[in-house]
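**Student:** Here you go, one structure.
The values are calculated or read from the model by the stated rules, or taken from the named source; none is laboratory data. Predicted model only: the values in this text are computed from it and were never measured. Reconstructed Cβ throughout: ideal geometry from the backbone, glycine too, with neighbour counts over all protein chains shown. Only protein heavy atoms, including side chains, enter the accessible area calculation; ligands, DNA and RNA are left aside. Shrake-Rupley method; radii C 1.70, N 1.55, O 1.52, S 1.80 Å.
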Amino acid sequence: MTVRTDARTAIVGGGIAGLAAARRIQQAGGTPVVFEAEDRVGGRIKTVRRGGFVYDVGAFIYLGSYAESTQEMLDVGLGPQMHKFNAFGAMPRDGELNFLDLSKPLSLVRTPYLSGRAKLKLAKLLFFLARHWKDLNYADASGVAAIDTDTVTSYSRRELSEEILDYVAAVVVRGPWLSDPSYASVGQLLWTMKNFFKPYFYGLDDGMDALPRAIAARLNDVRLATPVTNVADAGDRVEVTFLQDGREVTEEFANAVVTTTTGRALEIYPQISGFAREYYENTDYICSVNCHIALSGRPSNPATYIMCSPREQPDLCGVIVDHLKANNRCPDGMGMITMFCRHEWCLDNLDSPDEKVIDAVLGFVKPYYGDLSSKVVDYEIGRWRDVVPIMRKGRFHAVDRFMREIDPAARVQLAGDIGPIPGVNGALVSGQAAGDRIVGQLSAARKVPA
């Protein structure tokens, strides 16, 4: 489309949603201006480099099912540093690790991790997933909203079994989301199973943040360390107020996209109204205190990841082995593992001293890696109060209504982790959709005064 090149669009937030929106607008000939409060782009995609180690302290993996993200990587020239890594996992039961190679589906049948009766119930769950496969998409949440009538716990106890609940369903919503089956929607269970259906993931040699950095490098106007304090729809324009050199400055734009977390969005754009306001006000977030441990040697455990049942580990949700998930994460011969704990534990320890947090997580993983305390050479802790929205029972109903009531002509569009499923790919798709709506507003089909 040909768009008005005289009309600028303010993008509030330089995370993956904001960058994706800006890229769509610029590709169509528009003029996006990205405002980012931090001194880096990426938002919750954050990579720290120190001493030869590369710590992905925010989002930690690009799943093989993330089609839009992987296409974006190719489009911005990251193909040479994209590599596939096998999703070779392990799940503990009764103190023993059970290894699972997702590239070999028959391993599910042979694994001693589940009893024969539980495997039959698992087949029922997989049939439920297959029946709703097409409902699990980013464009239309009505299908998943229709089945959003149960928590993972209530569905599993009624339709499956206690064993499937404890050793499959709970593991699925805890591992990636740090959530709890007692409040997580069964829709989130199905979404996560679909996302993990591909038996590989992608690693970027230069860290998780290579993608947002590459997108930002192709944009013409990205303003770092420039927090926005107010966005106002003035009818025929959008006024954006931001801090620059310690003073407030206001600029006018044709339109804007606000991509911050919901609480921050309500603060800076108080004109959010209708169901969108209710939706934003009722969004609460998972907390994460993720611990990245640099080691003097590589553990012999071959699993790329471990996902834990609450019966085995009440607080530890999962482990990612960084030197097996991507290249260039640590010096030769050295290793790194990352531990993720459940939301409630993270809330309790969000402000705990580093030493307490590190001691706790090293104790959690001792059954699988032995005593690592003497091998720790460095560490990084990611402390995130707001990581992704909690997908409680009923959330998908709200998502569906929110998406249906989006006004594509509104001068201020909203994007971020507010669609059918949160995470890197969900946020990127949300940003692309908001960018497309802005392009529609600026298109040549709209009459432009001479």
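**Student:** Show Arg404, Arg110 ordered by accessible area, largest first, where the area counts protein heavy atoms only and the probe is 1.4 Å. It would help to have the intermediate numbers written out before the result.
**Tutor:** Details: Arg404 160, Arg110 180 Å².
Result of the area sort, largest leading: Arg110, Arg404.
**Student:** Among the Cys residues of the chain, which have no other cysteine Cβ under 4.7 angstrom away?
**Tutor:** Here Cys291, Cys308, Cys317, Cys330, Cys341 come out as lacking a disulfide-compatible partner, given the Cβ-Cβ threshold of under 4.7 Å.
**Student:** Also, I was wondering about something else. Under the rule of at least 5 residues apart or a separate chain, name every residue whose amide H is placed under 5 Å from the amide H of Cys341.
**Tutor:** Here the answer is Val289, Cys317, since their amide H atoms fall under 5 Å of that of Cys341.
**Student:** Would you please calculate the Kirkwood hydrodynamic radius of region 216-256 over all C-alpha pairs and express it in Å, rounded to one decimal?
**Tutor:** One decimal place: 11.2 Å for the Kirkwood radius.
**Student:** Compute, for Lys366, the solvent-accessible surface of its heavy atoms (probe 1.4 Å) with the complete set of protein chains present, and express it in square angstrom to the nearest 10.
**Tutor:** Here the residue's solvent-accessible area equals roughly 110 Å².
**Student:** Would you please give the FRET efficiency between Glu278 and Leu350, computed as 1/(1 + (r/R0)^6) with r the Cβ-Cβ distance and R0 = 30 Å, to the nearest 0.05?
**Tutor:** 0.65
**Student:** Order Ile406, Ile286, Ile61 by their accessible area, 1.4 angstrom probe, all chains in place, largest first.
**Tutor:** Ile406, Ile61, Ile286
**Student:** May I ask you to give the solvent-accessible area per residue for the chain, in square angstrom, as obtained with a 1.4 angstrom probe?
**Tutor:** On a per-residue basis, the chain sits at 41 Å².
**Student:** Continuing with this model, one more query. Check cross-link reach from Lys121 to the lysines: straight Cα distance under 24 Å, and skip same-chain residues fewer than eight apart.
**Tutor:** Lys104, Lys134, Lys194, Lys198, Lys393
**Student:** Where in the chain are the DSSP H helices whose C-alpha atoms run 20 Å or more along the long axis and whose mean Kyte hydropathy is at least -0.5?
**Tutor:** Numbers: long enough: 116-131 (23 Å, 0.56); 354-369 (22 Å, 0.16); 424-442 (27 Å, 0.48).
Helices meeting the criterion: 116-131, 354-369, 424-442.
**Student:** Can you give me the Rg/Rh ratio for region 1-113, using Cα atoms for both radii and the Kirkwood formula for Rh?
**Tutor:** Over the Cα atoms of region 1-113, Rg/Rh equals 1.13.
**Student:** Okay, which of region 166-188 sit inside 18 Å, backbone N to the point 7 Å along the Cα-Cβ direction of Ser65?
**Tutor:** The answer is 168-181, 184-188, whose backbone nitrogens lie closer than 18 Å to the label point.
**Student:** Using the beta-carbon distance between Gln27 and Ser115 and R0 = 51 Å, what value does 1/(1 + (r/R0)^6) give for FRET efficiency, to the nearest 0.05?
**Tutor:** The value I calculate is 0.45.
**Student:** If you average the alpha carbon positions of region 169-218 and of region 310-337, how far apart do those two centres end up, in angstrom?
**Tutor:** Between the Cα centre of region 169-218 and that of region 310-337, the gap is 15 Å.
**Student:** Related question: Just reorder Asp135, Asp245 by solvent-accessible area, largest first, 1.4 Å probe, all chains present.
**Tutor:** Largest accessible area first, the list is Asp245, Asp135.
**Student:** Which value in deg cm²/dmol, rounded to the nearest 500, describes the helix-derived mean residue ellipticity at 222 nm for the chain, given -39,500 (n - 2.57) per DSSP H run of n ≥ 4 and division by the residue count?
**Tutor:** Result for the chain: -9500 deg cm²/dmol, rounded to the nearest 500.
**Student:** Quick check: from the Cα gyration tensor, does region 358-450 come out rounded (a/c under 1.5), prolate or oblate?
**Tutor:** It is prolate, given that a/c is not under 1.5 and a/b is the larger ratio.
**Student:** Which one, Gly363, Gly394, Asn349, projects farthest toward the positive side of the charge dipole computed for region 262-395 from Cβ point charges (K/R +1, D/E -1)?
**Tutor:** Gly394
**Student:** Same structure, new question: Dipole of the chain, Cα-centred, from +1 at each Lys and Arg C-beta and -1 at each Asp and Glu C-beta, to the nearest 20 debye? Spell out each step's value before the answer.
**Tutor:** On the way: 50 positive and 54 negative charges, 277 e Å.
For the chain, the charge dipole is close to 1340 debye.
**Student:** Considering only protein heavy atoms and a 1.4 Å probe, what is the carbon-and-sulfur percentage of the accessible area of region 1-66?
**Tutor:** Carbon-and-sulfur percentage of accessible area, whole number: 48.
**Student:** Show me the three semi-axes of the equivalent ellipsoid for region 179-253, from the C-alpha gyration tensor (sqrt of 5 times each eigenvalue), largest first, rounded to whole Å.
**Tutor:** Semi-axis lengths for region 179-253 are 38, 22, 13 Å.
**Student:** How long is region 148-201 along each principal axis, judged by its Cα atoms, biggest number first, in Å?
**Tutor:** Reported extents, whole Å, longest axis first: 32, 21, 18.
**Student:** For the ranges 258-264, 17-23, 127-133, 67-73, what's the packing order if you count other beta-carbon atoms within 10 Å of each residue, average per peptide, and put the highest first?
**Tutor:** Per-residue Cβ counts within 10 Å, averaged per peptide and sorted highest first, yield 17-23, 258-264, 67-73, 127-133.
**Student:** Antiparallel as a % of all DSSP beta bridges within the chain, to the nearest 5? Intermediate results must be reported in sequence, preceding the final value.
**Tutor:** Numbers: 54 of 71 bridges.
Around 75 percent of the beta bridges assigned by DSSP in the chain are antiparallel ones.
**Student:** Straight distance only, please: which lysines reach the Cα of Lys375 with their own Cα at less than 30 Å, same-chain residues fewer than 8 apart left out?
**Tutor:** List returned: Lys46, Lys84, Lys325, Lys356, Lys366.
**Student:** What number, in percent, do you get for the relative contact order of the chain if the mean sequence gap of Cα pairs under 8 Å and at least 6 apart is divided by its residue count?
**Tutor:** 26 percent
**Student:** Between Arg385 and Asp371, with labels modelled 7 Å along Cα→Cβ, what's the label distance in nm to one decimal, could you check?
**Tutor:** 3.8 nm
**Student:** What figure, in Å² to the nearest 10, do you get for the accessible area of Arg383 with a 1.4 Å probe and non-protein molecules left out?
**Tutor:** Answer for Arg383: close to 80 Å² accessible.
**Student:** Which shape class, rounded, prolate or oblate, goes with region 159-284 when its Cα gyration tensor gives a ≥ b ≥ c as root eigenvalues, a/c under 1.5 marks rounded, and past that a/b bigger than b/c marks prolate?
**Tutor:** Oblate, since a/c reaches 1.5 and b/c is not below a/b.
**Student:** Can you classify region 73-160 as rounded, prolate or oblate using the Cα gyration tensor, where a ≥ b ≥ c are the square roots of its eigenvalues, rounded means a/c under 1.5, and otherwise it's prolate if a/b beats b/c and oblate if not?
**Tutor:** Judged from the Cα gyration tensor, region 73-160 comes out oblate (a/c at least 1.5, b/c at or above a/b).
**Student:** Still on this structure, please answer the following. Evaluate the charge dipole of region 320-435 about its Cα centre and quote only its size in Debye, nearest 20, assuming +1 on the Cβ of each Lys and Arg and -1 on the Cβ of each Asp and Glu.
**Tutor:** Computed charge dipole of region 320-435: roughly 520 debye.
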